[in-house]
Amino acid sequence: MYTSHADSEESDRPHATGGPGQPAAALAHDQILSAASVPAYSWTDARERLSHRIAKLDLAPDLGSEIGSKRWLRGLGTFVGLTAAALAFWPSFAPLEAAAPAHIDDAVRDEYRSQMILPLALGADSGRHMGATALVEPLAGAPERPTLDMVATLAKGDSFERMLRRAGVGRDDSLRVAELVAGATALSDLEPGTTFDIVLGRRPAPGAPRPLESIAFRARFDLELDIGRFDEGADLSLTKKVIRVDDTPLRIRGTVGDSLYRSARAAGAPASAVQAYLKTLGQYVNLDRDIRAGDTFDFVVAHRRAATGERQAGQLLYAGLDRGEQPRVQLMRWGTDGEFYEASGVSEQRGGLMAPVPGRTTSRFGMRRHPILGYRRMHSGLDFKARHGTPIVAVTDGRVTGAGRMGGCGNAVRLRHDASLDTRYCHMSRVAVNRGQSVRRGQVIGYVGSTGLSTGPHLHYEMYRNGRAIDPSSVQYVTRAQLAGAELRRFKNALARIKTVEPGAALSELEQTAAEVAATEPVREIDKLAPPKRS
């Protein structure tokens, strides 16, 4: 745009010219630009202004906040208005009319039948080109397979005879098999999950059950049973195959390192054995404070090796820990109760208070400001932080004197441990014991929740002595049982024998005998032929 010097103020003349003492700028005619034309109305600007005004109206505020305010009432009006508009435009509440059903005659039904997919065992058609016509003649009898080979599994809670009947074995054969097996081993000793290889023969008559040809299974870890017919038409007979088993215990020994669990697993110990070792050791030493990387772990587990290659790990027999200059830990299982005794013959549970749940303490015993009631009052217990559903265990042996709803404590369990000591576990999501029931140390009595006066999932744990609340962290439980006389001598002899087991010796393969090697070789087809009968 060009501006004339005549139109400028006197003070602006130096800017319009080339400056003080400089000639004025000269522009050609084609360099003079006219002022840009502005349209009288813009749809874009109008739309933006309208959108900005509508946004300021705030017709649909959040109905979940500021309940009862003017803004909330305005939002409620918008909601009611939109609902009324939606109902006003609803077409009708009359039911819709369905289409008239099509007439299906025999030709259409045959067309459908040729396209259906049905089990082949029922003689179904499989494709349009196989549709039945008048030229198809039914067979007098459908051919069957001469034998059926199957594998059946004994389910938990199922009976042996019922499993055989479900597999297709006839009533007479199932009773005979149950009688033969009961003579070799108790039917109740058959573990759930046991598999049975069953072979059924040809039916003697249409509709009759198939006769049982053979059934083989592993009845025990050291016994296989094979039931079959040696000759055609003969009765069922039982064949026992005793499997050689080595009962050498499995001893695992090594250095703790960064992790006791991972080091024991790397040494070849089963996961269940390591968990039992840690649980037993934790009753005598603090696994977090008292164990160092250079310490040596040592434990023995009952172990069985079969000549066929299977292995079976049993319960923990011995738990030891060598901590250098500190006293060694030597614990061995002894007695009918399966309790662990120290090398001196004394059974003792150490470690002080057993935490009812795994978790840190968030609130201790004493005066505090209640998070819900808002005033200071006595907090007569310990609060443990734990997730919802975490199992809660009894800190020691006792009897349940209360189980259920207990006011602000929510779902709770109260235990009586002796004539003067009681404990209570509060805010449970679920109670796992009943009133009058006896519980053992470490037994699950409930699960963490947030019932009653609670701000979140946690366990409130209380202890009372003669009806008066005491600090649970000030109490330690020590349980002792001591051997003496001949029982102590037998215990020490057994401890000396178990410590002579070589570490890792049970992990090697059990060498097979010549007879076992010959039994594993495949049978030649010529050997399967029966010898010729003499006339």
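Here are a few things to note about the model shown:
- For L421, nonlocal amide neighbours, meaning residues 5 or more places apart or on other chains whose placed amide H falls under 5 Å from its own, are N466.
- Note on surface exposure: T78, T513 rank T513, T78 by accessible area, highest first, 1.4 Å probe.
- Between L175 and W90, full extension at 0.36 nm per residue minus the direct alpha carbon distance yields a gain of 23.6 nm.
- Other residues within the sphere of radius under 14 Å centred on the Cβ of H417, judged by their own Cβ, net out at +3 (K and R +1, D and E -1).
- Checking every one of the trypsin sites (Lys or Arg not before Pro) in segment 399-435 against DSSP loop status and a limit of 14 other Cβ atoms within 10 Å picks out R435.
- Sum of side-chain charges, W334 neighbourhood, beta-carbon under 12 Å (Lys, Arg +1; Asp, Glu -1): -1
- Computed extension gain for D45 through R265, at 0.36 nm per residue and net of the alpha carbon distance, reaches 71.8 nm.
- 14 Å beta-carbon shell around N493, net charge (K/R +1, D/E -1): +4
- Fully extending the segment from T248 to E325 would add 24.6 nm, taking 0.36 nm per residue of separation and subtracting the current Cα-Cα distance.
- For the cross-link pairs K240/K499; K241/K492; K279/K492; K156/K499, the ones whose C-alpha atoms lie over 28 Å apart are K240/K499; K241/K492; K156/K499.
- Computed with a 1.4 Å probe over protein heavy atoms only, the accessible area of Y447 comes to about 60 Å².
- Between E191 and E511, the C-beta separation translates, for a Förster distance of 22 Å, into a calculated FRET efficiency of about 0.20.
- Largest accessible area first, the residues D422, D290, D149, D197 order themselves as D149, D197, D290, D422 under a 1.4 Å probe with ligands, DNA and RNA left out.
- The listed residues W334, W43, once ranked by accessible area (1.4 Å probe) with the largest placed first, stand as W43, W334.
- What the phi angles of segment 161-174 give under the Karplus curve with 6.51, -1.76 and 1.60, with θ = phi - 60°, is a coupling list of 5, 5, 5, 5, 5, 5, 7, x, 6, x, 5, 5, 5, 5 Hz, glycine and proline written as x.
- Across segment 80-88, computed HN-Hα scalar couplings (Karplus, 6.51 cos²θ - 1.76 cosθ + 1.60, θ = phi - 60°) run 5, x, 5, 5, 5, 5, 5, 5, 5 Hz from first to last residue, x flagging Gly and Pro.
The values are calculated or read from the model by the stated rules, or taken from the named source; none is laboratory data. Since this is a predicted model, take the numbers as computed values, not measurements. So basically every Cβ, Gly included, is an ideal-geometry build from the backbone, and we count neighbours across all protein chains shown. For the accessible areas, the whole protein counts, side chains as well, though only heavy atoms, and no ligand, DNA or RNA atoms are used. Shrake-Rupley method; radii C 1.70, N 1.55, O 1.52, S 1.80 Å.
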